[in-house]
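The values are calculated or read from the model by the stated rules, or taken from the named source; none is laboratory data. The shown structure was predicted, so the numbers you read here are calculated from the model rather than taken from an experiment. No Cβ is skipped: glycine too gets one built from the backbone with ideal geometry, and neighbour counts run over all protein chains shown. Quick note on the areas: whole protein, heavy atoms, side chains included, nothing else; ligands and nucleic acids left out. Shrake-Rupley method; radii C 1.70, N 1.55, O 1.52, S 1.80 Å.
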Amino acid sequence: MGRARMTWIGTSWKMNKTLAEARAFVDGLVAARSALDGVRAFVIPAHTAIAAVRERLPADVPVLIGAQNAHWEPAGAYTGEVSMGMIADVGATLVEIGHSERRQHFGETDETVALKVAAAVAAGLTPLLCVGEPAGVRAAGGETDWVAGQVSRGLSRLATPDLHKVVVAYEPVWAIGDLGREAQPYEIAPVMEMLSARFRPAAVLYGGSVNRRNAAALLGVPGTDGLFVGRAAWDVAEFIELVRIAACACHEGRADAR
Ligand code: PGA
């Protein structure tokens with residue numbers, strides 16, 4: 001594709017990892033430090049581990065740190081919530097917004113997602129806006145319109161110049177988690193190309209049952225700037241393996257890498 005952009009490769013730990021486990025992961029990153037230079041790597045711990053990861057990670061190891069969620073209000077009577085400013089304060093520069101598990105279990109809507117995307121940008125954070133269609137929409141062939149609608153509504157509170165500050169992750173609901181089905185490149189290509197061409201965000205990532213076997217092929221889908229990985233990256237050695245695949249795809253030129 002001829003673009004000089006570095007490939008993104010990151011993981012959200014979801015509701016996993018104690019502080020000791022989080023620190024051990026960071027130690028694994030540091031041990032594999034040289035592998036990280038060719039990619040834009042990120043790790044998204046649970047809120048409880050963000051500060052520990054920030055403190056353990058040397059400043060010269062190029063790994064971005066994110067949070068899995070934050071509220072849109074800067075402060076106030078919102079028991080159990082944390083603000084964008086709070087997660088920035090403990091070391092996050094990215095914030096995941098609208099993951100399908102939050103939409104499904106915690107009542108996230110396109111409207112709360114839009115509020116959070118705007119609040120993240122206002123706080124100087126990079127929103128990682130997660131979108132994706134459920135299986136029924138895919139079965140009816142409506143995925144591209146569904147995802148375009150989610151992104152349009154999620155970005156609706158941003159000023160136009162800020163649109164390029166957002167990273168979009170396309171994660172079809174049917175592809176995520178233990179019950180998920182691995183997507184084939186041809187299944188995601190129209191959506192990835194639409195996201196890249198229509199919204200021109202900072203990056204478009206793919207997520208959902210990504211692993212070391214399918215990573216290179218998924219990275220080869222036009223419009224794909226990187227991968228967002230759950231289970232297959234929670235072991236640091238596996239994460240580093242994915243980093244190596246992403247670096248290789250970047251250096252060789254994605255279209256020719258396979
Ligand atoms: P998975 O999760 O890789 O375990 O399917 C992906 C995600 O939820 O982002």
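Report yes if some residue within region 123-139 is among the polar types (S, T, N, Q) and more than 16 Å from residue 201 (Cα to Cα); otherwise report no.
No, region 123-139 contains no residue that is among the polar types (S, T, N, Q) and more than 16 Å from residue 201 (Cα to Cα).
Give me the pairs: first residue in region 159-178 and near the ligand (Cβ under 8 Å from one of its atoms), second residue part of a helix (DSSP H, G or I), beta-carbon distance under 7 Å, and six or more apart or on different chains, which are they?
171/100; 176/100
Could you give me the residue pairs with C-beta distances under 8 Å whose first residue belongs to region 4-29 and is within 20 Å of residue 243 (Cα to Cα) and modelled with pLDDT under 95, whose second residue is charged (D, E, K, R) and open to solvent by less than 60 Å² (accessible area, probe 1.4 Å) wherever it lies, and which are 6+ apart or on separate chains?
So the pair list comes out as 5/225.
Is region 124-136 home to any residue that is out of contact with any Asp or Glu (no Cβ under 8 Å at 6 or more places or on another chain), of a type in the set (D, E, K, R) and closer than 21 Å to residue 155 by Cα?
The answer is no, given that none of the residues of region 124-136 is out of contact with any Asp or Glu (no Cβ under 8 Å at 6 or more places or on another chain), of a type in the set (D, E, K, R) and closer than 21 Å to residue 155 by Cα.
Within region 76-128, work out how many residues are over 19 Å from residue 48 (Cβ atoms) and more than 16 Å from the ligand (Cβ to nearest atom).
19
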